[in-house]
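Enquirer: The structure under discussion is supplied below as structure tokens; questions concerning it will follow.
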Amino acid sequence: MNHTDCNRKIYGSGLPGLVLNIAVLLVIGYLYQGCTSTGNAKNGDTVTTSQYRPEFHFTPDSMWMNDPNGMVYYEGEYHLFYQYYPDSTVWGPMHWGHAVSKDLVHWEHLPIALYPDSLGYIFSGSAVADINNTSGFGSKNQPALVAIFTYHDIKGERAGRNDFQTQGIAYSLDKGRTWTKYENNPVLKNPGQRDFRDPKVMWHKETGTWIMTLASGDHVCFYSSPNLKEWTLESEFGKGIGAHGGVWECPDLFQLPVEGSPAEKKWVLLVSINPGGPNGGSATQYFVGDFDGHRFTNESTEIKWTDYGKDNYAGVTFSNIPESDGRRILIGWMSNWQYAQVVPTAPWRSAMTFPRVLKLAKDATGFSLQSLPVDEIQLLREKKTDVPETLITADKPLELAIPSQPYPLEVLAGFSIPASNQAYVFGIELYNDNGEKVVVGFDRQQSKFFIDRSKSGLTDFSKDFAGVHYSGIVQPASAIDFHLLIDAASVELFAMNGLVTMTEIYFPLQKLDKMKIVSIKGNVELSNGSVYKLTSDKY
Ligand code: FRU
């Protein structure tokens, strides 16, 4: 995002930050008073900000969060660091907040890991386990975790300089509990490029070097290093290739086996872009090709997005997951810079997506990423209800019984489509007696999935929020499957076995405590369906 745009990111720590924060809380308080006094909340179900607190998605206890950072697995723990401003519910001087999990679904909050210092705010970056002690920060017996991040020098930016973003490192010898910044920071100076940030570092086995992928305005740069301290520019990728509706941010580069032909491996380059997403604002595109330790060669012929919903940004993957596990796991920030700072939640802002496993599928049209919730979702499953095979017509929706606490829920539904029936539109509707709803559906004529949050409750905090948002075009199929994760204020759709992903947030005045399968046009046959009640046991 544009860090000079004061409408969106507001600089200010100390007193200004505090004043801003109080103002934000007062506005939210007023908003809620407005909601209840219009009589919208019924049956004593008064709207409170806690109504939107996710039950199984990660959120900070309080205050502002954006991108996931430094995700690394080490000695039985998944570390999630994140862009954090502890003094306000809007963006400000960035710290790295910190949490750990043993299973990706239960999280323990830990103290802030990295604070801003004289070199600047601590922007996004990554973390690696330096097992061979290439940095010399640890030893073979006690390897260091090394964080590689961007320093954003606010004074330099305000002075109109172009070189205010540099890369720094810090290390921890106690499983990420405490961090020491490297005395010779920055390790990578700025060549005179305003946007020069979000280093994602990985170990490249074949060349025996660390590779840093760094976003640099309208392209990424690849740097190599033997020790995480000295970096050499290898190459650049992206000018004039892919989507360029906004600045490139938060890249990631990793190798994946091709599904169905595991001997074949390809490299995937993720690049977040803001604005310029397929439904407006922030989104993440990806390229598939090869990387030889120096250069990335792109094979994708069209623009590809990891998620077509409006609320999955800056997603990157964990490093150091053991080969015996072998998964490539991504977490994204479940918001969009268009409205992230004005969504009606307090005393926190933003949540992360549920962790997803990425796979690479291949068909006649080329390679596509597949994302599915990590299997650990099963640890949250409490009660399963099967839904019988049913023909759904426009005048005969299928009500799905859901528990008195309407979320968290996981819904799996498979539909078969009569070949002749060309014009159907159907979906799963979450709704309440107040006329509020979110519909997650499929439109055959357009051959696209969609999420309609136009009547989802509070939407007028931003002109960019309400609306019907569509996926890319889906290959014709006689069966359509939905996998939904539903939390207090979000839905994640994994359709066509994860080939289509859409993530969106919403803020109903009253809980969406009912669910039905609706046909908006034509008939559709539910061939199998299950609804799981999930536990809210996140910590
Ligand atoms: C992406 C981003 C990054 C930057 C961070 C600052 O959302 O703009 O490019 O490092 O947020 O908080």
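Enquirer: Note down the magnitude of the dipole of the chain about its Cα centre, charges +1 on Lys and Arg C-beta and -1 on Asp and Glu C-beta and zero elsewhere, to the nearest 20 debye.
Expert: With Lys and Arg at +1 and Asp and Glu at -1, about 560 debye.
Enquirer: For the stretch 85-200, count the residues as N, evaluate 2.2 N^0.38 Å, and divide the Cα radius of gyration by that value, please.
Expert: Cα-based Rg divided by the globular estimate yields 1.13.
Enquirer: Can you check what the net charge comes to around THR150, using other residues whose Cβ is under 9 Å from the Cβ of THR150 (Lys, Arg +1; Asp, Glu -1)?
Expert: Local charge sum for THR150: 0.
Enquirer: Next up: In percent, how large is the relative contact order of the stretch 125-226, given Cα pairs closer than 8 Å and 6 or more residues apart? Display every interim value, and only then the final one.
Expert: On the way: 218 pairs, mean separation 22.0, N = 102.
Once normalised by length, the contact order is 22 percent.
Enquirer: Based only on Cα atoms, what Rg/Rh ratio does the chain have, Rh being taken as Kirkwood's radius? Walk me through the intermediate numbers first.
Expert: Working: Rg = 22.9 Å, Rh = 23.8 Å.
Ratio of gyration radius to Kirkwood radius: 0.96.
Enquirer: Separate question: When only alpha-carbon atoms count, how far does the stretch 158-288 stretch along each of its three principal axes, as whole angstroms with the largest first?
Expert: 46, 40, 30
Enquirer: Let me ask something additional. How high is the relative contact order of the chain? Use alpha-carbon pairs under 8 Å, at least six apart in sequence, and give a whole percent.
Expert: So the answer I get is 14 percent.
Enquirer: Say R0 is 35 Å: what FRET efficiency, to the nearest 0.05, do ASP375 and ARG161 get from their beta-carbon distance?
Expert: My answer for the efficiency is 0.15.
Enquirer: Please determine, in degrees from 0 to 90 and to the nearest 10, the orientation of helix 14-37 with respect to the longest principal axis defined by the Cα atoms of the chain, where the helix direction is its Cα long axis.
Expert: 0 degrees
Enquirer: Relative contact order, percent, of the stretch 375-534 when contacts are C-alpha pairs under 8 Å separated by at least 6 residues?
Expert: Numbers: 393 pairs, mean separation 69.3, N = 160.
This gives 43 percent for the stretch 375-534.
Enquirer: Could you order the peptides 512-519, 145-152, 396-403, 90-97 from most to least packed, using the average number of other C-beta atoms within 10 Å per residue?
Expert: Ranking the peptides 512-519, 145-152, 396-403, 90-97 by packing returns 145-152, 90-97, 512-519, 396-403.
Enquirer: Additional query: With point charges of +1 on the Cβ of Lys and Arg and -1 on the Cβ of Asp and Glu, referenced to the Cα centre of the chain, which listed residue (LEU360, GLY441, PRO116) lies farthest in the positive direction of the dipole?
Expert: The Cα lying farthest towards the positive end belongs to PRO116.
Enquirer: Subtract the Cα-Cα distance of ALA423 and GLN445 from 0.36 nm times their separation in residues, and report this length gain in nm to one decimal.
Expert: Working: separation 22, 0.36 × 22 = 7.92 nm, distance 0.54 nm.
Between ALA423 and GLN445, full extension yields an extra 7.4 nm.
Enquirer: When we measure straight from the Cα of LYS396, which aspartates and glutamates land under 16 angstrom away, once same-chain ones fewer than 8 places off are left out?
Expert: The qualifying aspartates and glutamates are GLU429, GLU525.
Enquirer: A further question follows. Three principal axis extents, largest first, for the C-alpha atoms of the stretch 447-539, in Å?
Expert: Projected onto its principal axes, the Cα set of the stretch 447-539 covers 39, 34, 24 Å.
Enquirer: Going Cα to Cα from LYS304, which lysines come in below 24 Å? Please leave out same-chain ones fewer than 8 positions away.
Expert: Counting by Cα, and skipping residues close in sequence, LYS304 has these lysines nearby: LYS200, LYS239, LYS265, LYS266, LYS359, LYS362, LYS448.
Enquirer: For the stretch 375-534, compute the orientation-averaged projected area of the C-alpha convex hull (one quarter of its surface), in nm².
Expert: 9.2 nm²
Enquirer: So if I place +1 on the C-beta of Lys and Arg and -1 on the C-beta of Asp and Glu, and nothing else carries charge, what would the dipole magnitude of the stretch 62-197 be about its Cα centre? I want it in debye, nearest 20.
Expert: Here the size comes out at about 280 debye.
Enquirer: Near LYS310, which aspartates and glutamates are there with a Cα under 13 Å away, not counting those fewer than 8 places off in the same chain?
Expert: Here the aspartates and glutamates satisfying the reach criterion relative to LYS310 are ASP452, ASP464, GLU492, GLU504.
Enquirer: Give me the percent of DSSP beta bridges within the chain that run antiparallel, rounded to the nearest 5.
Expert: Antiparallel bridges: around 95 percent, rounded to the nearest 5.
Readers should treat all values here as calculations from the given coordinates under stated rules, not as data from a laboratory. This one's a predicted model, so the numbers in the text were calculated from it and none came from an experiment. So basically every Cβ, Gly included, is an ideal-geometry build from the backbone, and we count neighbours across all protein chains shown.
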